[in-house]
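Notes for the one structure printed next.
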Amino acid sequence: TMAWRFYAEENDGRLVASGRWPSAPEWIGGNWLDKNNPRKSDNWDVDLWIKGSYGPSGGIKRYRNLLYPYSGNSAEIFNCPADNSVGINNKGLTVPRIRSRSINNWVGGPAWGSAGGPYHVFIKDTDMNSPGPSNTFVMLDEREDSINDGYFVVDMAGWPTRSQQIVDYPASYHNMAAGFSFADGHAEVHKWLDSRTRPAINKGNMQLNVPMRDSRDLYWMMERATRPIGK
């Protein structure tokens, strides 16, 4: 999260977009992981997708991964060591995938249309009044068979009564728990209580957008994702 915070500080408080969104550039530059196709460069090419750039613009180097230059030029921070998923590079070698982290879709955008009402998309750091920086997660570990683009959708449909649908699945690499970092800079490892949150790992990509009513796990993420506009 420190790299995310440094980016905002250098950009007048504007937050990097978690996905394709007109208000801000996408943090991973179009990277799309695909467990069904391990040879796809998005899975393994660190030099292109993390360290790579589009070339100078106005004398400034523009990295594909917008947070990389704020990370101490560390490519490793974007991948959880407990994520054992792999890609196959151009030499036919099995290598760790480049990324296991995603960003909350409500932080920087885009929104999620099926949420059933207008919810805050935090465009600037000063927008984060409710639930507040210490209660808004930014980045998390996403499951190897769920992760694709750079944003993690929390569907707010049913708030504040109950959850209705899980779109993307968090990881459970740490004894059935996942790592979360928050907008104020602190981090937590949260243990999942609902077995529906942690089904068996698939060999390929898993099914997303699954009904999940009355899930304590999903409600925990909803509480820490955003709030309705005006509240």
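Below is a table of values for the structure above.
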{"item": "Residues satisfying the stated conditions in the stretch 31-50, i.e. at pLDDT 95 or above, in contact with a Gly (Cβ under 7 Å, 6 or more places away or on another chain) and buried (at least 16 other Cβ atoms within 10 Å of the Cβ)", "result": "Lys35, Pro38, Asn43, Trp44"}
{"item": "Residue within the stretch 104-123 that is without any contact (Cβ under 8 Å) to a residue 40 or more places away in the chain and either among the acidic types (Asp, Glu) or under 21 Å from Gly230 (Cβ atoms) (or both) present", "result": "yes"}
{"item": "The stretch 25-51 residues that are free of Cβ contacts under 8 Å to residues at least 60 places away in the same chain and not assigned by TED's automatic domain parsing to the domain that holds Ile123, paired with ones that are surrounded by 15 or more Cβ atoms within 10 Å (Cβ to Cβ) and acidic (Asp, Glu) (beta carbon under 7 Å, 6 or more apart)", "result": "Lys40/Asp34; Asp42/Asp34; Asn43/Asp34; Trp49/Asp42"}
{"item": "Given (1) surrounded by fewer than 22 Cβ atoms within 10 Å (Cβ to Cβ); (2) in contact with a strand residue (DSSP E or B) (Cβ under 6 Å, 6 or more places away or on another chain); (3) among the aliphatic types (A, V, I, L, M), index of the condition Val121 fails", "result": "(2)"}
{"item": "Unmet criterion (only one of (1) surrounded by fewer than 19 Cβ atoms within 10 Å (Cβ to Cβ); (2) aliphatic (A, V, I, L, M); (3) outside the structural domain of Asn11 (by TED's automatic domain parsing); (4) outside any loop (DSSP other than H, G, I, E, B)) for Ala111", "result": "(4)"}
{"item": "Every pair of residues 6+ apart whose Cβ atoms lie under 6 Å, when the first sits in the stretch 67-84 and is free of Cβ contacts under 8 Å to residues at least 60 places away in the same chain while the second is not in a loop (DSSP other than H, G, I, E, B) and not polar (S, T, N, Q)", "result": "Pro69/Tyr63; Ala75/Val46; Phe78/Arg101"}
{"item": "Subset of the stretch 57-108 [part of a strand (DSSP E or B) and of a type in the set (A, V, I, L, M, F, W, C)]", "result": "Ile60, Val86, Ile88, Val95, Ile103, Val107"}
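The values are calculated or read from the model by the stated rules, or taken from the named source; none is laboratory data. What you are looking at is a predicted structure, and each value in this text was computed from that prediction instead of being measured. Backbone-built Cβ (ideal geometry, glycine too); neighbour counts: all protein chains shown.
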